[in-house]
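Heads up: the structure comes next, in structure tokens.
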């Protein structure tokens, strides 16, 4: 019999040795093998289940946290869409298969703090679109849910689809696939009516529209949507106004879900007066403030423009201030004003006179003064 102290020592020391050995193993691990053998194991309408072999050893699986990042992109897209970091090497995903899709997955090792230790390269797989020319594909597909239970779906025939093409619509919810049976033509479109009680409004629905004719293969169309996003709601019923002006109503039949999921609008009209639309005071104040700012800005710009004009176009001086007589006495008649007699003053002007020399006088000459006219 093994002593208890020996069992305790083994239980304490062995995990440490194994842990040290595993850390040495990780330190020497240069590359991590990527997943292999990506395989489609199930395919229901646009719902595809994919599995793969991670290629990891048992020691890695026992002592590491392993994650499998999964991404995809359609043939007509350039961007990979990150979808999930999976715990198991199998995944179910819904695709619009008529677009064709690439999927990729890789191995990632995490430590106890969920930090990445090692990761492998991606392994890529493509899912080809269904057979048929893309120009035969149905387009402009849409659905409307009524009364919380029935649904109408319509679509256009493919541009290159023959006139005798017969379409069938399939839908899938809660792992059940059904075929629509009530087909119709609506304004040049094809369509189908789904009976009440067959649509779960709280679950996404998968749709496949398939066509066939005698001349060529019609490509299948796939889509997925939430019915509640396309529901046309019925108005409330049993409207009642109590004496204290309390208004009550009931939800329409089949709307047995939580009433707090709905918002209601109440319109009150006075029968003695024509309906008057009330204005929101808050918005009126905002509009008034904006108008005041705009008017102030216009006034500032006007004053600034006037100052600039006054600076650039200086006023022409008025001649009336400089030539008062021209305007006061001659009414601005410049010709008459120029021909007027300007008064002159008389001044003494001395003119030289030559006198012959004679013995009786000692002067050599003298000056004779006479008056002359001089302009001021």
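What are the residue pairs meeting all of these: first residue in region 58-78, first residue outside the structural domain of residue 120 (by TED's automatic domain parsing) and farther than 9 Å from residue 109 by Cα, second residue surrounded by 15 or more Cβ atoms within 10 Å (Cβ to Cβ) and at pLDDT 95 or above, Cβ atoms under 7 Å, and 6 or more apart or on different chains?
none
Quick check on this structure: which one of 178, 206, 242 is touching a strand residue (DSSP E or B) at 6+ places or on another chain (Cβ under 9 Å) and either in the same structural domain as residue 98 (by TED's automatic domain parsing) or farther than 21 Å from residue 95 by Cα (or both)?
When all the criteria are applied, what remains is 242.
Can you tell me how many residues in region 74-92 are surrounded by fewer than 16 Cβ atoms within 10 Å (Cβ to Cβ), under 31 Å from the mean Cα position of the chain (by Cα) and closer than 18 Å to residue 50 by Cα?
Selection size over region 74-92: 6.
Could you tell me whether any residue of region 176-187 is modelled with pLDDT of 90 or more and either buried (at least 18 other Cβ atoms within 10 Å of the Cβ) or touching a helix residue (DSSP H, G or I) at 6+ places or on another chain (Cβ under 8 Å) (or both)?
Checked against the condition, which is being modelled with pLDDT of 90 or more and either buried (at least 18 other Cβ atoms within 10 Å of the Cβ) or touching a helix residue (DSSP H, G or I) at 6+ places or on another chain (Cβ under 8 Å) (or both), region 176-187 yields at least one hit.
Name the residues in region 98-137 that are under 34 Å from the mean Cα position of the chain (by Cα), more than 26 Å from residue 88 (Cβ to Cβ) and touching a residue at least 60 places away in the same chain (Cβ under 8 Å), would you?
Result: 98, 129, 130, 133, 134, 136, 137.
The values are calculated or read from the model by the stated rules, or taken from the named source; none is laboratory data. Bear in mind the structure is a predicted one, so any value in this text is a computation, not a measurement. We place every Cβ from the backbone using ideal geometry, glycine too, and count neighbours over all the protein chains shown.
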